[in-house]
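The next block holds one structure in the form of structure tokens; read it before the comments.
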Amino acid sequence: MNKRFNLLLWAFLIGALSAVQAQAPFFGEYKSPDRSVVMTVFQEDGRSFFKVQKNKAVIIDRALMGIETSQGSFYADLSLRSKVRDRTRREKYTLNNGKASKISKRYRHVVFRLENLQGKPIDIEFRLFDDGLAYRYKLYGRGECTIIKEHGNFALPLDAKGYLTPLAKPKTGFGKTNPSYEEHYVYGVPVGTPSSIGNGWSYPALFEMPGAGWMLLSETGTDGNYCATHLDEVSSGGIYKIVFPNIEEGLYSQSVYPTTVLPYETPWRMMIVADNPTKIAESTLATDLVEPVYKPEIEYALDKASWSWLVLKDDSITYEVTRKYIDMASHLDFKYCLVDAPWDVQIGRTGIEELSAYAQSRGVGLLLWYNSNGDWNEAPQTPKDRMHTPKARREEMQWMQEHGIKGIKVDFFGGDKQFYMKYYEDILRDANEYGLLVNFHGTTLPRGWERMYPNFATLEAVKGMEFVTFSQSDADMQAMHCATLPFIRNVVGPMDFTPVILNSRLGINTGVGPYRRTTAAFELALPVIFQSGVQHFGLVPENIDLYPFFLTDYFRKLPTTWDETRFLSGIIGKEVVVARRKGSMWYVAGINAESVEKTFQLDLSDFLKSDTEGKAIVSMNGGSLNDVDQITVLAPSRRRTLSIQVAAQDGFVMCFETDKKK
């Protein structure tokens, strides 16, 4: 009896052991430095997955990994080749163009060395921060390698809600220049909701997991060696897949499959996770994961710019009008004046040379607009054919350098293929040789570029203020849109929204065009709420005589880059309050995007001492500069906790100078 029992016991144990061996390998559980973000890595059916939790709540139920290349498949039947490398590191750097200037963050660095059935290795590298995580692949070998597919996807909890922008269809929009990341957001849609356009979703994509937290999906570190990706239409189970660009983007001859030289590390797939959207907005993860690509040839100055086109459009690009905008920039201590299309026809090169000399005599530098051109768009604006080949581009940049031009704005790209990623990088590299700042419009999303490329100033990739001037429907949506962007688009990089139009009507002539629905104070808050290395303002010289001194002083001193940023409160699409510091000055700005009056309760004690003097509160319950009804110098020692009433689609700005310079 005992012998039979022992045999049965052994049979059971052997069977159990076989079952355990047949189960998927479990590679381990890994935690961020503060242990709030937990990643579990495992395999099922030969495929590799990870799971993400924030404060023990599930953020990503499972995320698939794997990549197919011309030198081998690294998707299924991968096995662990060596011991997992796991250590804690610190990333410490300075940033000239962002929401903070000195950044120091600890992270968990975990590397899995796997191999496929042919014995070829691949590394899957993770970095876990207290505010998120990211992964990338490292491919080994020699020679050229084409990436055929990434199998990455993200399975979100089925009760999650998305705040997303659909990706536009290729060859749509003005001059067939789409996709250019200029669609309106959808708010709080259930996972699994298809996009209205049917072409997938753009990065960044924000998700709320009720009762669990928030996550922003994006990518960073994309350069000329890879293409940009986006999220496909959702499959069953709330699964969002990473996909390459559409073949119809740009030219058919431009491959959707990136080709690089081995060994090679892919861009990072990035997930920012937090308990609330304000912590998402504060994250610097997009730059924490990248390194500078080259050194700056000069010390680039990031500042404000005057710009006639936003309000006055093409007819304003003349010698006489541009001179007025140079004068306004000088009066407001702006370093730059942007001259838009078609300056080559309506001003001419000789005129630009004269205007540049005049601008320099007034302490202002010119920025010039260019069409990216080539055969991939039909936009007629000129100058054309001056950026799309190395020879033409360098000739043009040499001319600009000789005449003191300080930067360029290049427009109308129309695609995310590797061709365009390389084109962006080539423009940036060449511009750096000639000491030129670069701004991109009609463009893709920034992907850590403000740290990678020191002369990268800003880019669009947003439905910006120009759309507000185009139609009343966009003007009606402006307040909601502006209260959304800090939590999604502006999280991952500089955003050239081109804020601050103070005209009550938004047409070329007085009394025509869409009505501005926001108040003047709302507009004045935007350059604090939005971050852009060069901030292009929609001011017009005719407003100058209406500006009270405090407003002129505000424009003169307002920075465009920051040493520190704190989001004090926010509800996506409804309200936002942000505090930013530059040197010894704190700027606190807020907007109310809803149609009812609100009271903001602000506690500033975390960063202001009791003896800090508040310079001013700017609050306007009307749409024009003549409606100023509250300009208050704050009494020291009693005003670190404030209650501010803000009217519908209104805002406020407060300025504080601290005693201690940081």
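The values are calculated or read from the model by the stated rules, or taken from the named source; none is laboratory data. Because the structure is predicted, anything quoted here is derived from the model rather than measured. Here Cβ is always computed from backbone atoms with ideal geometry, including for glycine, and neighbour counts include all displayed protein chains.
Tabulated results
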quantity: Of all residues in segment 429-466 being surrounded by 24 or more Cβ atoms within 10 Å (Cβ to Cβ) and among the acidic types (Asp, Glu), the one that is farthest from Asp496 (Cα to Cα); calculated: Glu450
quantity: The lone exception for Val261 - which of (1) outside the structural domain of Tyr358 (by TED's automatic domain parsing); (2) part of a loop (DSSP other than H, G, I, E, B) it fails; calculated: (2)
quantity: Residue match in segment 584-600 (condition: touching a Leu at 6+ places or on another chain (Cβ under 9 Å), within 20 Å of Leu526 (Cα to Cα) and modelled with pLDDT under 85); calculated: no
quantity: Scope segment 467-477; condition within 22 Å of Pro277 (Cβ to Cβ) and buried (at least 24 other Cβ atoms within 10 Å of the Cβ); matching residues; calculated: none
quantity: Residues satisfying the stated conditions in segment 475-514, i.e. in a helix (DSSP H, G or I) and more than 25 Å from Thr552 (Cβ to Cβ); calculated: Ala475, Asp476, Met477, Ala479, Met480, His481, Leu485, Pro486, Phe487, Arg489, Asn490, Val491
quantity: Selection count, segment 74-95, where residues are under 24 Å from the mean Cα position of the chain (by Cα) and surrounded by fewer than 16 Cβ atoms within 10 Å (Cβ to Cβ); calculated: 3
quantity: Subset of segment 357-376 that is of a type in the set (A, V, I, L, M) and surrounded by 23 or more Cβ atoms within 10 Å (Cβ to Cβ) - its residue that is nearest to Gly414 (Cα to Cα); calculated: Leu368
quantity: Checklist (1) in contact with a Pro (Cβ under 8 Å, 6 or more places away or on another chain); (2) part of a strand (DSSP E or B) applied to Asn97, failing item; calculated: (2)
quantity: Of all residues in segment 519-553 being hydroxyl-bearing (Ser, Thr, Tyr) and in contact with an Asp or Glu (Cβ under 8 Å, 6 or more places away or on another chain), the one that is modelled with the lowest pLDDT; calculated: Thr519
quantity: Criterion (part of a strand (DSSP E or B) and assigned by TED's automatic domain parsing to the domain that holds Lys417) met by exactly one of Ser306, Ser218; calculated: Ser306
quantity: Options Thr193, Thr260; residue that is over 26 Å from Pro494 (Cα atoms) and in contact with a Cys (Cβ under 7 Å, 6 or more places away or on another chain); calculated: Thr260
